[in-house]
Structures are given as structure tokens and as C-alpha cells.
1. Inside region 119-146, can you point out the residues that are open to solvent by 20 Å² or more (accessible area, probe 1.4 Å) and either under 20 Å from residue 187 (Cα atoms) or in a loop (DSSP other than H, G, I, E, B) (or both)?
2. Out of 116, 63, 84, which single residue is surrounded by 14 or more Cβ atoms within 10 Å (Cβ to Cβ), in contact with a Pro (Cβ under 8 Å, 6 or more places away or on another chain) and not in a strand (DSSP E or B)?
3. For region 148-188, give me the residue count where each residue is closer than 15 Å to residue 222 by Cα and part of a loop (DSSP other than H, G, I, E, B).
4. Would it be correct to say that residue 69 is closer than 28 Å to residue 198 by Cβ and aromatic (Phe, Trp, Tyr)?
5. Answer yes if at least one residue in region 305-323 is touching a helix residue (DSSP H, G or I) at 6+ places or on another chain (Cβ under 7 Å), open to solvent by less than 10 Å² (accessible area, probe 1.4 Å) and not acidic (Asp, Glu), and no otherwise.
6. Looking only at region 309-354, count how many residues are closer than 11 Å to residue 43 by Cβ and of a type in the set (Lys, Arg).
7. Only one of 228, 156 is over 30 Å from residue 121 (Cβ atoms), small (Gly, Ala, Ser) and open to solvent by less than 10 Å² (accessible area, probe 1.4 Å). Can you tell me which?
Amino acid sequence: MVELGQKHKFVFGMALVAGILGLGVGQAVLQHKAEAQGSSVTAPMFEVDPLWPKPLPNNWLLGWTIGAWVDEQDHLWIIHRGAGGLHNNERGAELTPPIAECCRTAPPILVFDPDGNLVRSWGGPGPGYEWPQSNHGIHVDYKGNVWIGGNGEKDAHLLKFTKDGKFLLQVGGSGKNAGSNDLENFGRVAKIWVDPKTNEAYIADGYLNKRVAVIDADTGKMKRYWGAYGNRPDDTNLGPYDPSAPPAQQFRNPVHCVERSNDGLVYVCDRANDRLQVFASDGTFVKEAFYAKNTRGAGSVWDITFSKDPEQKFLLLADGQNERIRVIVRETLEEITSFGDGGRQPGQFYGVHS
């Protein structure tokens, strides 16, 4: 699997999925007819605004944009990997000694308002916590707390901050992973989502472990966890994905996303297995669906978000290997349309991630 921790440079379509849903950035009043189960379904359509966001101050540049979330104020939060995704010619002003007037790495966390203005920036190592070796995923919970994970080699923890960057909580410890049945640590967390009804944090765990973990969002205490189909997680190496083989009874790495819908179902991205699995909140398996099932490499199911209507009629699925956003009817899990076909122009994707 091609992985972001390797020395292959990925340039991600910056937060487009989260942005177009949560902010309405460039959303057109266009409609498209698609067929689903023999009946006509109206699918949402989107168009890109190539001038959003506005230019960053201080000659700042983004590295790999590796996580996105839209908060209750319609502010878009992103986390990126910084200097690791930039060439020395791009960050000449921050080298020792500087080699140019331009440019330098932006802080890891940036926040934009609906008009594309930068309204907040912070992040990085500090006292009392271990900043991830490799940033991955960002979530702003219903209390306004900011959660981040990390998929670096030693990242076995997650962090919680205020919106202003004040440290609140670390769960787990760098380098302390003990596998997918560890009650104290994690295994390279991809994403976190906090349930406002139960104050539980659901964790896609992850790039090393093969599970969904659920913790108390205040104390960090482990409450439950499960693997594919609700099985007890097993860290046996399953080998490369084979689309002709029976479905794997465990997740492959990475377990890349976890989200809960308004009706209480938990959706999990089993990226390399090209599948989305759905569970009850206690880990009971409900159903699954495969997308672009012959996709190998980094897999097709990278991340999801829900449409903003109360019923959450649609899922939007980020497929980074095929460089597309897939529009799915949530009730049936049937794909009805998609957009994006790779490339580097506005509205195209290269490894669309979050």
C-alpha cells in the first residue's frame, strides 16, 4: 500500500469534501438525475470555487493537508503535515540560514471562515503533551474541543485541545502500542469523532491497529472496541488485498474513518478492503458495501461525510486511489454518481483524503 508516511509526495485536494458540505463553498443549484434501485434519485452536484480560501499571510505554505472538519460556526478546520511535504525551495525563508525571502511552513492547524479568511492558527510541540510524529485527522466536538490523531511510527496516542490551542488531554503514549486489544494505547490513529449524545469518542484505530475504539471523551477511559464484523480484533497480517477472495474477517490497515449518523449507526472506512462497514453503536455488525472493488494499492474507501439534511440522505465518500468523490444513497449504500478524475486543476483531485 502506498502510505503517506513514505517518501512519496502527495498533494491533497484541500478539504474539498468537508468544505463543500459544511460551508457550501461553490455549491451549485444544479441537479442531476441518477437511477437507484429502479427509481429516480436526485443527487447533489457541486462545483469548485478556485479562489477559496484566500491567500495565507506571512508567506505561509501548506504541506500535505491530512484532515478537515467543519464546526458549528461553519468554520473549516484543517491539519497538515508541514515541512515534510515541502521542498527546500518552497520553504527557503525558514532554513538555517535562510536562502530566500519566501516561503515558510504554516502552523499545523488552520481555521477558515465561510468567506475563506484565515481566522485562527496554532499547533506543534508544547509542554505536557507529545505532538504526533505525523499528523492525521482533526475533529471539533460538540463542546468545541479539538481532537487530533497521528499515524507516525510511534504515534500510539491522541490529543485534545481547546479551540485556542490550550492542551486538555492526552490518551495513550508515544511508542507504547501493544496491539489491537490494548486498553490504554492506540496504534496510529486515523480519525476521531465525538458523540454529543453519549460524550463518547469513536476512534478509527488505525494504521497499525485494526479496530474501532470507543473511549469516554472526558477521562479517556476505554469503554469498548471491535474489529470487522464486530469480531474481536486480530493483528495477523492478512497480506495484500485480493478482490477475488472472500471478504476479510478483519480490517486491513488503515482503519481510516469512523462517523456516526443521526439515527445512531456507526460507519467505518476499511480502506484497503474497498469497503464501508456499518455497525450499531455497541459494535454489532449491520451491513457493508464495496466501492470500486477491484481497487488495490491504497484502496477506495478513505473517508465519508453525510449530507446536511436531517435524514442525511446521502453519503459522500472520498476515494483517494481513484481520485473521486462518490455520492451514495445512505439507506441502500448504493452509489448513484461521482465527480473528480485526478489532476492538479481546481476541482480535480490527487489522493483526495478527507
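The values are calculated or read from the model by the stated rules, or taken from the named source; none is laboratory data. What you see is a predicted model; the values in this text were computed from it and never measured. Cβ atoms come from the backbone with ideal geometry, glycine included; neighbour counts cover every protein chain shown. When the accessible area is computed, the model is the full protein with side chains, heavy atoms only, and any ligands, DNA or RNA have been set aside. Shrake-Rupley method; radii C 1.70, N 1.55, O 1.52, S 1.80 Å.
1. First pass over region 119-146, keeping only residues open to solvent by 20 Å² or more (accessible area, probe 1.4 Å): 119-123, 125-131, 133, 142-143, 145.
Scanning region 119-146 gives 123, 125, 126, 127, 128, 129, 130, 131, 133, 142, 143, 145.
2. Selected residue: 116, the only one of 116, 63, 84 that is surrounded by 14 or more Cβ atoms within 10 Å (Cβ to Cβ), in contact with a Pro (Cβ under 8 Å, 6 or more places away or on another chain) and not in a strand (DSSP E or B).
3. Total satisfying the criteria: 13.
4. Yes: the conditions hold for residue 69.
5. yes
6. Residues in region 309-354 being closer than 11 Å to residue 43 by Cβ and of a type in the set (Lys, Arg): 2 in total.
7. 228
This table checks each residue for (1) within 17 Å of residue 279 (Cβ to Cβ); (2) buried (at least 19 other Cβ atoms within 10 Å of the Cβ).
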{"site": "192", "(1), (2)": "yes, yes"}
{"site": "206", "(1), (2)": "yes, yes"}
{"site": "215", "(1), (2)": "yes, yes"}
{"site": "232", "(1), (2)": "yes, no"}
{"site": "246", "(1), (2)": "no, no"}
{"site": "255", "(1), (2)": "yes, yes"}
{"site": "267", "(1), (2)": "yes, yes"}
